[in-house]
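Please read the structure below before turning to the comments.
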Amino acid sequence: MFVQKNEKGIWLVVLDRGQLLLESLTKVVTQEKILGGHLSAIGALKNPELGFYEVHEKNYIRKAFDSGDFELISLIGNVSLKESQPYVHAHAALGLADFSVIGGHLFEAEVAVTAEIFITPFGAMPVREMDEKLGLATIQHCRIQ
Ligand code: ZN
C-alpha cells in the first residue's frame with residue numbers, strides 16, 4: 001500500500017493485489033483523520049459484493065460475484081461518519097472480459113491487480129443518521145472539527 005498527501009491536501013492511496021478495498025480505505029481515512037470528502041478510483045477488483053437498494057423493502061439486494069477479475073472502470077464515493085465511525089460509501093462500475101458492465105453499491109471487493117484512489121477532503125465530516133422513512137443512514141448534517 002502507498003499513501004501520499006500532496007501540498008493541496010489531496011490524498012493518493014494505491015492498494016495492492018489481495019487487499020480489501022473498503023476495509024483498507026476505511027483504515028486510511030481513520031488513521032489519517034481525513035475529514036469527509038470525495039473519492040474516485042480505477043483499477044481491477046475480484047470477488048466484489050454489490051447491492052441494489054429496494055426502498056419499498058428498505059433492504060439491499062446483495063450479490064457476490066466470484067467469476068474472476070473485473071476492470072474497475074469507475075468508483076466514486078464519499079467519506080462520512082456513521083455510528084460515530086468513519087464510513088466509506090462507494091458505488092462501482094465493473095467491466096467484464098466481454099466488455100459488459102455491472103455495477104451498484106459496493107459492499108466490499110478484493111484488489112485483483114491494483115487500485116488507484118484519489119481522496120479530496122471536504123474539511124468537515126458529513127454525519128449519517130438513520131432516516132426511518134428510507135431505512136438508510138443518510139447524510140443529515142456536517143460536523144466541523
Ligand atoms: Zn450506496
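Report, in listed order, any pair from Lys27/Lys63; Lys46/Lys133; Lys5/Lys63; Lys8/Lys58; Lys5/Lys133; Lys27/Lys58 with a Cα-Cα distance greater than 32 Å.
Over 32 Å Cα-Cα: Lys46/Lys133; Lys5/Lys63; Lys8/Lys58; Lys5/Lys133.
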**Request:** Grab the beta carbon distance between Gln19 and Ala124, set R0 = 22 Å, and tell me the FRET efficiency rounded to 0.05.
**Result:** 0.20
**Asked** What is the P(r) of region 1-51, as percent of Cα-Cα pairs per 10 Å bin from 0?
**Response** 19, 57, 22, 2
**Item:** In range of the label at Ala93: residues from region 8-50 whose backbone nitrogen is under 17 Å from the point 7 Å along Cα→Cβ
**Value:** 39-45
**Item:** Gain on full stretching of the segment that runs from Leu12 to Arg62 - 0.36 nm per residue minus C-alpha separation
**Value:** 15.1 nm
**Prompt:** What number, in nm² with one decimal, is the all-direction average of the projected area of the convex hull of the alpha-carbon atoms of the chain?
**Reply:** 8.9 nm²
**Request:** Taking 7 Å along the Cα-to-C-beta vector as the label spot, tell me the His38-Val113 distance in nanometres, rounded to one decimal.
**Result:** 2.6 nm
**Most fluctuating residue given options Ile102, Ile119, Ile76, as computed from a GNM of the chain linking Cα atoms under 10 Å** = Ile102
**Request:** Note down the magnitude of the dipole of the chain about its Cα centre, charges +1 on Lys and Arg C-beta and -1 on Asp and Glu C-beta and zero elsewhere, to the nearest 20 debye.
**Result:** 460 debye
**Message:** Taking the square root of 5 times each eigenvalue of the Cα gyration tensor, what semi-axes in Å does the equivalent ellipsoid of region 3-89 have, largest first?
**Reply:** 24, 19, 11
**Message:** What whole-number volume per residue, in cubic angstrom, does the convex hull of the C-alpha atoms of region 38-104 give?
**Reply:** 101 Å³
**Request:** Per DSSP H run of n ≥ 4, the term is -39500 (n - 2.57); total these for the chain, divide by its residue number, and report the mean residue ellipticity at 222 nm rounded to 500 deg cm²/dmol.
**Result:** -2500 deg cm²/dmol
**Message:** Please compute the modelled spin-label separation between Ile102 and Gln31, points set 7 Å along Cα→Cβ, answer in nm with one decimal.
**Reply:** 3.1 nm
**Item:** Kirkwood hydrodynamic radius of region 62-140, Cα pairs, Å
**Value:** 14.5 Å
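Readers should treat all values here as calculations from the given coordinates under stated rules, not as data from a laboratory. Remember, it's a predicted structure, so these values are computed and weren't measured experimentally. Because the Cβ atoms are built from the backbone with ideal geometry, glycine has one as well, and the counts that use them run over all protein chains shown.
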